[in-house]
1. Scanning for something touching a His at 6+ places or on another chain (Cβ under 8 Å), of a type outside the set (A, V, I, L, M) and closer than 19 Å to Gln217 by Cα, does region 25-41 turn up at least one residue?
2. It is to be established whether one or more residues within region 94-109 are within 16 Å of ligand 1 (Cβ to nearest atom) and modelled with pLDDT of 95 or more.
3. How many residues does region 42-76 contain that are touching a Ser or Thr at 6+ places or on another chain (Cβ under 8 Å) and basic (Lys, Arg)?
4. Restricting region 222-245 to residues that are among the small types (Gly, Ala, Ser) and away from ligand 2 (no atom under 16 Å from the Cβ), which is nearest to Ala32 (Cα to Cα)?
Amino acid sequence: MMKFKVLGANGGSEKNKGLTSFLIDDAILIDAGNVVSTLTIEEQQSIEHIIVSHSHLDHIKDIPLLIDNFIEIPDKKVNVYSLEETIDSLKHNFFNNIIFPDFAMIPIHDPILHYNCIKERERFNLNSISILPIKVNHTVPNLAFIIEKGGVGCVFISDTYKTDEIFDQINLNKNIKFVIIECSFPDQSQKLAEVSKHLTPSIMLEQIEKIKDNSIQIYIYHLKPKYSSQIKEEIRALKTSKKIEFLEDGMVINI
Ligand SMILES: [Zn+2]
Ligand SMILES: [Zn+2]
């Protein structure tokens, strides 16, 4: 069984709306937009691995603050996994001893932070969980993840515009129980969605219709708070036989 906890599911920030972050089995973090204000220090200490989809701030913002809470915990280590481009931007733009200390190299104790480059289409395993990264279509290199454990699986598509490969992979996999896909803007903002490589309800529908199995639950995430009621209305009006729900902060999905 896999426990999937939603720490944050929004594409923008306002009161009581957290940015993208999910916690699997209390130990594996997928993106880090809303971690330190949603978990106690004890809960934070259970985190061993952070998997990062892409370098945008709303997906990485809490990594430094989380690691800062691990200082002087004996033997505490955190592994960060992402594409080489994303790891490079974390090193150069975040943990650069200007914005924040370089936790991969603090002279007085062993490094807390360990970087791990992953590649698209190369499966890797953490604890008993297997993760297959697939590139999606965003303004910076960005990964979707197919996450499986003991014969069940789920998919996090992260920020994207029109994309295909991840849906081919979903159709090849019989374990998938749910798919998380973004919808950042309402249909009227189609031009903005296209240049910022995000989805609107109509284009999101085109994407999920590529999934052949209608029993797979679709969860929508990354709504921009300013448009969230309009986006929800537009999605509820879509004609589709897909099972669609909105992902909300605090939800726990057990599969
Ligand atoms: Zn993004
Ligand atoms: Zn985002």
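1. no
2. The answer is no; no qualifying residue exists.
3. 0
4. So the residue we want is Ser229.
The values are calculated or read from the model by the stated rules, or taken from the named source; none is laboratory data. Please read these numbers as outputs of a predicted model, since none were measured by experiment. As a convention, Cβ positions derive from the backbone with ideal geometry for all residues, glycine included, and neighbour counts pool all protein chains shown.
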